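Below: the structure, in structure tokens.
Bear in mind these aren't lab numbers, they're just calculated from the coordinates by the rules spelled out. This structure is a prediction, so every number in the text was calculated from the model and none was measured. When we count neighbours, we look across all protein chains shown, and the Cβ atoms used for this are built from the backbone with ideal geometry, even at glycine.
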Amino acid sequence: MNGVGRTITMPLCPLDYRYGCQEFKHIWSELGRHERQLEVERALIWAHMQLGRVSQTDYEIVKSIANPTSVTKERVSEIEAETRHDIMALTKAMAEAAGEAGWCIHLGATSNDIVDTAVALQLRDSIVMLREQLCLLIGVCADVAERERDTVMLGRTHGQAAVPITFGLKAAVWLDELRRQLVRLDESTPRIAVGKFLGAVGTGAAQGENARELQRLILTHLGLGVPLATTQVVGRDRYVEYVSWLANVATSCEKILQEIRNLQRSELQEAGEGFDVKKQVGSSTMAHKKNPIKSENASGLARIVRSFIIPTYENALLWHERDLANSSSERFTLSHGSALCEDVIAKTRDVLTNMWVDAERCMENIKSQRGLVMAEKVMIDLVDHGIARDEAHEILREASFTAVANKEELIDVCSRTPAIVAAFSAEELEAMFDPANHIGVSGEIVDEAVELARSAIQ
């Protein structure tokens, strides 16, 4: 309440004012839900017309009013305040607008025939936009992999320098994972975007002997899948699969963003998030800072997406042919999970689009290791010269620890190690310590990953 006793409505959820794109959020908005429920009610009457139960004249009237201009959300809300039932409020408002044709509104349906089928439309439309965003991200990631195909850098395991890798291979790993996410989405969509129209407990009794045909007509007309068996509701395993995919792809994005954040650390500075040096502020007090705020922002949102997994699984545990404990929860899990996942994907694409990679710094960091990260190749080549693998490993282990203890270059220690000197010339040893000779088949892998990814998004 304000000072003169009027109620002031203020945005509460950050989705209202901070995260997500408006087009996507509209799908899950109150109006978006209303639009799709009207569409489902219209499709029901259309199917009845196809089966001869409703005249074309009555259908045309229903069709003409089945829109949010004729049947406003405000009027539905007014009726719901009295009835305490959202779908009954909807059907009453439609009947008002339809006049004499209102007799056939909601004919033979139960509330969740409308609700779950409308949700299926929301899921279908969300999947379309999520797929578009994912394809755009895959395209940008392919560009990065191709551009940095031969950029040599340190590979790291356990947070420590391991052996050389290429930035292109690092990006190819991201790329192939994103491609798999696209495959998963395409494979699961027919299982997810499914409605239902077999009444209160799934028998179709209220629809008579044509119940299954009526359901088929409605759902195919709406572009949705047709289930075999349902209760009063669509099986929530479908929602589990959808939210699990949201969590999975959000995690893939966070993995990418986390790596970029780590590579941007002051002691590494090999790659990082773009920064507008003319306008952007990194810190209110530390004027030199260039914080990876978009990567951090999206990483935080990805964690929220994953948090919806548990309630989604619990929502699948309904009593008998259903109870209502899932309904309120799903208003959050499906809407927020979808909108935030789209936001995470879009921000990840933006980060990759504007990301910088410093090839010179990558090489400097390799050189700072004093050749230790080349020990593996020397060991393997010793084996090829007839030295047992375990013995070769011990030779390089001792040489490496000597180099560390004396703060020497490993190549210098190797140059005075009898077994190594006996096996290789100075020129051969020098070649072994060239980082470019340690990337193996990285280039081939990058090329194939890029080709597969670009084929997938065409």
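Points to keep in mind about this one:
- If the chain linking Arg147 and Gln50 were pulled fully straight, counting 0.36 nm for each residue of separation and taking away their Cα-Cα distance, it would gain 29.3 nm.
- Magnitude of the charge dipole for segment 372-432, about its Cα centre and with charges confined to Cβ atoms of Lys, Arg (+1) and Asp, Glu (-1), is about 160 debye.
- Full extension of the chain between Val226 and Glu78 gives 49.9 nm of extra length, using 0.36 nm per residue less the Cα-Cα distance.
- For segment 372-432, convex hull of alpha carbons as volume per residue, Å³: 67 Å³
- Nitroxide proxy distance, nm - points 7 Å out along Cα→Cβ at Ser111 and Arg216: 3.1 nm
- If R0 is 60 Å, the Cβ-Cβ spacing of Glu376 and Glu100 corresponds to a FRET efficiency of close to 0.10.
- Cα-based helix-to-principal-axis angle, 237-263 vs the chain, degrees rounded to 10: 30 degrees
- DSSP-defined beta bridges in the chain - what % are antiparallel, rounded to 5: 90 percent
- Using θ = phi - 60° and Karplus 6.51 cos²θ - 1.76 cosθ + 1.60, couplings along segment 331-345 (whole Hz; Gly, Pro as x): 4, 8, 4, 6, 6, 5, x, 5, 5, 6, 5, 4, 5, 4, 4
- For segment 418-431, Karplus couplings with θ = phi - 60° (6.51, -1.76, 1.60), whole Hz, Gly/Pro x: x, 4, 6, 4, 5, 8, 10, 7, 4, 5, 5, 5, 4, 5
- Dividing the summed -39500 (n - 2.57) terms of all DSSP H runs of n ≥ 4 by the residue count of the chain sets its mean residue ellipticity at 222 nm at -20500 deg cm²/dmol.
- Exposure proxy order (Cβ contacts within 10 Å, fewest to most) of Leu44, Leu121, Leu429: Leu429, Leu121, Leu44
- Listed residues Ala325, Ala93, Gly195: farthest to the positive end of the dipole of the chain (Cβ charges): Ala93
- Residues whose amide H comes within less than 5 Å of that of Val194, counting only those at least five positions distant or on another chain, are Gly225 (H built at 1.01 Å from N in the peptide plane).
- For segment 372-432, averaging the sequence separation of C-alpha pairs within contact (under 8 Å, six or more residues apart) and dividing by the residue count gives a relative contact order of 34 percent.
- Against the chain, whose longest principal axis comes from its Cα atoms, helix 73-83 is set at around 70 degrees.
- Residues within the reach of a label modelled at Glu408 (point 7 angstrom out along Cα to beta-carbon, backbone nitrogen below 19 Å), restricted to segment 422-438, are 422-434.
- Average Cα contact separation per residue, the chain, under 8 Å, 6 or more apart, as relative contact order %: 18 percent
- Computed from the C-beta positions of Gln258 and Ser307 and an R0 of 25 Å, the FRET efficiency is 0.90 to the nearest 0.05.
- The mean sequence separation of alpha-carbon pairs under 8 Å and at least six residues apart, normalised by the residue count of segment 15-104, gives a relative contact order of 24 percent.
- Dipole of segment 15-104 computed with +1 at Lys/Arg Cβ and -1 at Asp/Glu Cβ about the Cα centre; of Tyr59, Ser29, Thr72, farthest Cα towards the positive end is Ser29.
- Across the chain, Cα-Cα distances exceeding 42 Å account for 38% of all pairs.
- About the Cα centre, charge dipole magnitude for segment 63-130 (Lys/Arg +1, Asp/Glu -1 at Cβ), debye: 140 debye
- Helix 293-307 and the longest principal axis of the Cα set of the chain meet at an angle near 60°.
- Long-range amide H partners of Val163 with built H, under 5 Å: Gly155
- By the Stokes-Einstein formula, at 0.692 mPa s and 37 °C, segment 15-104 with its Kirkwood radius over alpha-carbon pairs has D equal to 236 µm²/s.
- Extension reserve of the Phe332-Glu451 stretch, reckoned as 0.36 nm per residue once the Cα distance is removed: 39.0 nm
- Of the trypsin sites (Lys or Arg not before Pro) found in segment 397-437, those that fall in a DSSP loop while having at most 14 other beta-carbon atoms within 10 Å are Lys407, Arg416.
- Inter-label distance for Arg191 and Gln269, nm, one decimal - labels placed 7 Å from Cα along Cα-to-Cβ: 4.9 nm
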